[in-house]
2 protein chains.
Amino acid sequence: MSSFGSKNKEPKALLFDVFGTVVDWRSSAINELRSYGQSRGIDANWEAFADDWRGLYQPSMEAVRSGTRGFAILDDLHRESLRTLVNKYELPRPSEREEEHLVTIWHRLKPWPDVIEGLYRLKKQYIIGTLSNGNIGLMTRLAKHSGLPWDSILGAEIAGDYKPQPVVYRAAAKALNLDESECMLVAAHNDDLAAAANVGFQTAFVSRPDEYGVNQVRDKHATQSWDIVTDSFSGLADLLNCSRY
Amino acid sequence: MSSFGSKNKEPKALLFDVFGTVVDWRSSAINELRSYGQSRGIDANWEAFADDWRGLYQPSMEAVRSGTRGFAILDDLHRESLRTLVNKYELPRPSEREEEHLVTIWHRLKPWPDVIEGLYRLKKQYIIGTLSNGNIGLMTRLAKHSGLPWDSILGAEIAGDYKPQPVVYRAAAKALNLDESECMLVAAHNDDLAAAANVGFQTAFVSRPDEYGVNQVRDKHATQSWDIVTDSFSGLADLLNCSRY
């Protein structure tokens, strides 16, 4: 596959969706929830709990996107959703310290195995940054936890709104002094890429067919002819002609 | 010197002033301006030009701080000041490409010799980030140019105002989910530290007695009893008990 269509020039920045694209949120969250359950002697279906927690992600952001509430950072939305689920699952109420530990599970997610090496290769040639709905504090700690070598942490918070609102992609390009056409969104989600393409971004789909576990239905494959389609960050680096060393 | 006064707990993030504290803007700018002059066959007092360019820095930000104009990023202020000085020095008008080259001199400033090693030591123990009046695009390119390993790029742009306005320091702490007392500003400028201390930041003064060249008068020494006073990032890392490897 040619890395650049005839309409595109080489991008100057690669901006990454993070949850699902860079990190395996589901396995990480399930493992942490299980450890918490064991330490507290709580038995629960932690797989379902993790899926439900992620399930409340879009509705919680929708309240911001629709204007029903003002902007709130993702850490706060995660906390609210956690409280909802503690009630739903009839779990013992966590202490303040335990709640903090649980909310910050999202600061300690593990990257997919191809990520670190791929990012280092890409970083030599491009500005690499986040374009995530996660807040700066969350993204900073996640990067530190896993050694993600971002040049910039951008996304929802600098725009005061959530993806896929156009303003979020536009604010990221603007923050880097770039035209939208000089930015490429890298994501495992077709709807995110569609929104980025709509404002003029270049697009790279990296398939993560296990993001939602064995029963994943959505986003197993590219549903449009994105500029790049691959299945790992190494593949992305190869297609962008980044050297191996 | 004890690194933490009795009132302070250990900081969680070290946030750095950049121009003067991290990078030697003056020598870098003079060298680049001289090279530009040679390539264009323009003879000028480039030392004076660099000092004048920096001299327009505070007045240009003051228009934003006072509300005379809306927020404009530092790259734009640098461009406006450059045009003013091209007229003042009666230089040939640069082409669009040359102007871009000149404005981005501020993206290519060299760090002081102790900076890189010191930052890597500090980064192992703390979140390290910028708290600069430089915009995100500028700071990102400056970091990439010199290999500054920031965890976060914060500052004027996320606050929509310029230091020493209190909102700038507060916005940086907030973006990292930290209380102001958990942040330490590292700066070579007493007035910057005073403004940070006023909103509850811890403070570290790193003297840069050559920032303004041989005739420097201001900021050669700490003028208040900051939490830490040192003369290099290695010294800062020592005082914060960061390991050497």
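Hey, B:G118 hits all of (1) within 12 Å of chain A (Cβ to nearest Cβ); (2) buried (at least 17 other Cβ atoms within 10 Å of the Cβ) but one; which does it fall short on?
Only one criterion is unmet by B:G118, namely (1).
Which condition number in (1) over 17 Å from the mean Cα position of the chain (by Cα); (2) surrounded by fewer than 14 Cβ atoms within 10 Å (Cβ to Cβ); (3) assigned to a helix (DSSP H, G or I) is the one that B:Q224 fails?
Among (1) over 17 Å from the mean Cα position of the chain (by Cα); (2) surrounded by fewer than 14 Cβ atoms within 10 Å (Cβ to Cβ); (3) assigned to a helix (DSSP H, G or I), B:Q224 violates only (3).
Tally the residues that are facing chain A (nearest Cβ under 8 Å), in a helix (DSSP H, G or I) and touching a helix residue (DSSP H, G or I) at 6+ places or on another chain (Cβ under 7 Å), restricting the search to the stretch B:128-147.
So the answer is 4.
Of all the helices (runs of 4 or more DSSP H) wholly in the stretch A:1-99, which have at least 3 residues that are over 30 Å from A:C183 (Cα atoms), hydrophobic (A, V, I, L, M, F, W, C) and modelled with pLDDT of 95 or more?
Where helices (runs of 4 or more DSSP H) fall fully within the stretch A:1-99 and carry at least 3 residues being over 30 Å from A:C183 (Cα atoms), hydrophobic (A, V, I, L, M, F, W, C) and modelled with pLDDT of 95 or more, they are A:25-40, A:46-55, A:74-88.
Take the conditions assigned by TED's automatic domain parsing to the domain that holds B:G147 and in contact (Cβ under 8 Å) with a residue 40 or more places away in the chain and apply them to B:D17. Does it pass?
yes
So which pairs qualify, if the first residue must be in the stretch A:81-109 and aromatic (F, W, Y) and surrounded by fewer than 16 Cβ atoms within 10 Å (Cβ to Cβ), the second must be part of a helix (DSSP H, G or I) and at pLDDT 95 or above, the Cβ gap must be under 8 Å, and the two must be at least 6 apart or on different chains?
That search, which allows pairs on different chains as well, returns A:Y89/A:F49.
Among the numbered criteria (1) within 14 Å of chain A (Cβ to nearest Cβ); (2) aliphatic (A, V, I, L, M); (3) more than 18 Å from the chain's Cα centre (by Cα), which one does B:L91 miss?
In the conditions (1) within 14 Å of chain A (Cβ to nearest Cβ); (2) aliphatic (A, V, I, L, M); (3) more than 18 Å from the chain's Cα centre (by Cα), B:L91 misses (1) alone.
State whether one or more residues within the stretch A:144-167 are within 23 Å of A:F49 (Cα to Cα) and assigned by TED's automatic domain parsing to the domain that holds A:E182.
Checked the stretch A:144-167: no residue is within 23 Å of A:F49 (Cα to Cα) and assigned by TED's automatic domain parsing to the domain that holds A:E182.
Check whether at least one residue in the stretch B:195-202 is among the β-branched types (V, I, T), farther than 24 Å from B:L74 by Cα and free of Cβ contacts under 8 Å to residues at least 40 places away in the same chain, and report yes or no.
no
When you scan the stretch B:46-59, how many residues do you find that are without any contact (Cβ under 8 Å) to a residue 24 or more places away in the chain and under 16 Å from B:V86 (Cα atoms)?
Residues meeting the conditions: 3.
Please go through the stretch A:148-182 and give me each residue that is assigned to a helix (DSSP H, G or I), touching a residue at least 24 places away in the same chain (Cβ under 8 Å) and within 11 Å of chain B (Cβ to nearest Cβ), ordered by number.
A:E157, A:A172, A:A173 - these are the residues of the stretch A:148-182 that are assigned to a helix (DSSP H, G or I), touching a residue at least 24 places away in the same chain (Cβ under 8 Å) and within 11 Å of chain B (Cβ to nearest Cβ).
Here is a check on your reading of the model: is A:G118 within 12 Å of the chain's Cα centre (by Cα) and either under 19 Å from A:R26 (Cα atoms) or part of a helix (DSSP H, G or I) (or both)?
No; evaluated as a whole, the condition is false for this residue.
The values are calculated or read from the model by the stated rules, or taken from the named source; none is laboratory data. Bear in mind the structure is a predicted one, so any value in this text is a computation, not a measurement. Please note: Cβ atoms are built from the backbone with ideal geometry, for glycine as well, and neighbour counts cover all protein chains shown.
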